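Participant: I am attaching a structure below and will ask some questions about it afterwards.
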Amino acid sequence: MTLIDLANPTRFLALTARVLPWLAAATVILLAIGLYQSALAPDDYQQGATVKIMFIHVPNAWLSMFVWGVMSIASLGTLVWRHPLADVAAKAAAPIGASFTFLALLTGSLWGRPMWGTYWEWDARLTSVLILFLMYLGLMALWRAVDDPSRAARAAAVLTLVGAINLPIIKFSVDWWNTLHQPASVMRMGGSALDKSFLIPLLVMAIAFTLLFVTLHLAAMRNEILRRRVRSLQMMQASRIAFSGESGSRGEGASNEVGAA
Amino acid sequence: MSLGPYASFIVTSYAAAAAVVAILIGWIVLDYRSQTQRLRELEERGITRRSGRSATELR
């Protein structure tokens, strides 16, 4: 099955029906392994047991940017290729991305209090992620504000692509500015600075959360396709009622004329 | 497994993540039920797709 085949929503629904149970099962298994490994991970020599927050915080922080990246590619699909499922993918991803970003902010704050002595600091990394969260909320509001999905899709696609400028700012904020947040320790030149006892559970949790996103995203896309079918059937129903009302009143008018004659 | 003096921060982080993921799953499942229910109601009223196929058909 190619990408062009998936442009047909019915084929896409058939694919999700087949794939979703397997994806959900793989997500549960990987999450269970990741959580088990996280529980068994040793304490850090400086941070103690609070290092366990990293196994939740970092995957959510990665996904907060990854989901916006997915939405940006989908937005290109809407504006350039006019792929029928592109705006469905973008719209369905926004609430999931907002949830991951919220969790990244919340768990980061809960990690920051014991380590930095504060829940929040207006440094470049924290502020740029907060802006990302607000942009997710703005995008969701935009989708709800415009009734016609195709008009909303174009406006949302432009906003998403403009918002993608924030992704490199978030990534390199710790290098460009003097931040309280630590610099990159996993994806950096010269390899990871983390010991294997932390790195392996972290990577397992990152893959598990990515699978969770894929599963939830496919399910949310399926819901969005069904929502659009509801909308088109409701419009069909409304036009039938309007048509029957119009022909009824015409008939009534004609009989009135006959009566007058 | 001892979580030390900051156990409440660690437990709250994991509990919040579990709660948010549970809310997301619940929202998606309820939304799916709501949409399929609305489609069935419309089809029962005789409003069908131009193809004639059921709107809730997934295969």
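The values are calculated or read from the model by the stated rules, or taken from the named source; none is laboratory data. Bear in mind the structure is a predicted one, so any value in this text is a computation, not a measurement. Please note: Cβ atoms are built from the backbone with ideal geometry, for glycine as well, and neighbour counts cover all protein chains shown.
Participant: Going through segment B:13-47 one residue at a time, which ones are surrounded by fewer than 16 Cβ atoms within 10 Å (Cβ to Cβ), part of a helix (DSSP H, G or I) and more than 21 Å from the chain's Cα centre (by Cα)?
Facilitator: Once the filter is applied, which keeps residues that are surrounded by fewer than 16 Cβ atoms within 10 Å (Cβ to Cβ), part of a helix (DSSP H, G or I) and more than 21 Å from the chain's Cα centre (by Cα), segment B:13-47 yields B:43, B:44.
Participant: Exactly one of these conditions fails for residue A:85: (1) away from chain B (no Cβ under 11 Å); (2) surrounded by fewer than 17 Cβ atoms within 10 Å (Cβ to Cβ). Give me its number.
Facilitator: (2)
Participant: Which of the residues belonging to segment A:173-197 are under 17 Å from residue A:44 (Cβ atoms) and touching a Pro at 6+ places or on another chain (Cβ under 8 Å)?
Facilitator: Scanning segment A:173-197 gives a single hit, A:197.
Participant: Taking the criterion of being buried (at least 17 other Cβ atoms within 10 Å of the Cβ), modelled with pLDDT under 95, in a helix (DSSP H, G or I) and at the interface with chain B (Cβ under 10 Å from one of its Cβ atoms), would at least one residue in segment A:198-214 satisfy it?
Facilitator: No, because not a single residue in segment A:198-214 is buried (at least 17 other Cβ atoms within 10 Å of the Cβ), modelled with pLDDT under 95, in a helix (DSSP H, G or I) and at the interface with chain B (Cβ under 10 Å from one of its Cβ atoms).
Participant: Does residue A:21 satisfy being under 12 Å from the mean Cα position of the chain (by Cα) and within 14 Å of chain B (Cβ to nearest Cβ)?
Facilitator: no
Okay, residues lined up against (1) within 22 Å of residue B:19 (Cα to Cα); (2) touching a His at 6+ places or on another chain (Cβ under 7 Å); (3) among the polar types (S, T, N, Q); (4) buried (at least 17 other Cβ atoms within 10 Å of the Cβ):
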position	(1), (2), (3), (4)
A:9	no, no, no, yes
A:14	no, no, no, no
A:26	yes, no, no, no
A:43	no, no, no, no
A:46	no, no, yes, no
A:54	yes, no, no, yes
A:69	no, no, no, no
A:96	yes, yes, no, yes
A:101	yes, no, yes, yes
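Participant: Now a separate question. Only one of these is more than 8 Å from chain A (Cβ to nearest Cβ), exposed (fewer than 13 other Cβ atoms within 10 Å of the Cβ) and modelled with pLDDT under 95: B:50, B:59. Name it.
Facilitator: Going through B:50, B:59 in turn, the sole match is B:50.
Participant: Output the number of the condition that residue A:170 fails; it satisfies all remaining conditions of (1) touching a residue at least 12 places away in the same chain (Cβ under 8 Å); (2) aliphatic (A, V, I, L, M); (3) away from chain B (no Cβ under 14 Å); (4) surrounded by fewer than 19 Cβ atoms within 10 Å (Cβ to Cβ).
Facilitator: Result: residue A:170 passes all but (4).
Participant: Related question: Say whether the condition of being in contact with a helix residue (DSSP H, G or I) (Cβ under 9 Å, 6 or more places away or on another chain), in contact (Cβ under 8 Å) with a residue 40 or more places away in the chain and either under 30 Å from residue A:229 (Cα atoms) or part of a helix (DSSP H, G or I) (or both) is met by at least one residue in segment A:178-196.
Facilitator: Scanning segment A:178-196 turns up no residue that is in contact with a helix residue (DSSP H, G or I) (Cβ under 9 Å, 6 or more places away or on another chain), in contact (Cβ under 8 Å) with a residue 40 or more places away in the chain and either under 30 Å from residue A:229 (Cα atoms) or part of a helix (DSSP H, G or I) (or both).
Participant: The conditions are (1) farther than 16 Å from residue A:206 by Cα; (2) in contact (Cβ under 8 Å) with a residue 40 or more places away in the chain; (3) within 12 Å of chain B (Cβ to nearest Cβ), and residue A:79 fails exactly one of them. Which is it?
Facilitator: All conditions are met except number (3).
Participant: A follow-up question, please. Can residue A:110 be described as out of contact with any strand residue (DSSP E or B) (no Cβ under 7 Å at 6 or more places or on another chain), modelled with pLDDT of 95 or more and under 29 Å from residue A:188 (Cα atoms)?
Facilitator: yes
Participant: Follow-up question, since we're still on this one. Of everything in segment A:66-100, what is of a type outside the set (Gly, Ala, Ser) and either in contact with a Gly (Cβ under 9 Å, 6 or more places away or on another chain) or outside any helix (DSSP H, G or I) (or both)? Give them in sequence order.
Facilitator: Of everything in segment A:66-100, those that are of a type outside the set (Gly, Ala, Ser) and either in contact with a Gly (Cβ under 9 Å, 6 or more places away or on another chain) or outside any helix (DSSP H, G or I) (or both) turn out to be A:66, A:67, A:68, A:70, A:71, A:82, A:83, A:84, A:85, A:87.
Participant: Does any residue of segment A:148-166 turn out to be within 25 Å of residue A:118 (Cα to Cα) and either touching a residue at least 12 places away in the same chain (Cβ under 8 Å) or touching a Lys or Arg at 6+ places or on another chain (Cβ under 8 Å) (or both)?
Facilitator: Yes; the residues of segment A:148-166 include at least one that is within 25 Å of residue A:118 (Cα to Cα) and either touching a residue at least 12 places away in the same chain (Cβ under 8 Å) or touching a Lys or Arg at 6+ places or on another chain (Cβ under 8 Å) (or both).
Participant: So, one more: Every residue in segment B:26-40 that is at the interface with chain A (Cβ under 7 Å from one of its Cβ atoms) and β-branched (Val, Ile, Thr), please.
Facilitator: B:28, B:36
Participant: Name, by its number, the condition in (1) modelled with pLDDT of 95 or more; (2) over 14 Å from residue A:52 (Cβ atoms) that does not hold for residue B:16.
Facilitator: Answer for residue B:16: the failing condition is (2).
Participant: Looking only at segment A:119-142, filter to residues that are in contact (Cβ under 8 Å) with a residue 12 or more places away in the chain and within 14 Å of another protein chain (Cβ to nearest Cβ); which one of those is surrounded by the fewest Cβ atoms within 10 Å (Cβ to Cβ)?
Facilitator: Filtering segment A:119-142 for residues that are in contact (Cβ under 8 Å) with a residue 12 or more places away in the chain and within 14 Å of another protein chain (Cβ to nearest Cβ), the one surrounded by the fewest Cβ atoms within 10 Å (Cβ to Cβ) comes out as A:140.
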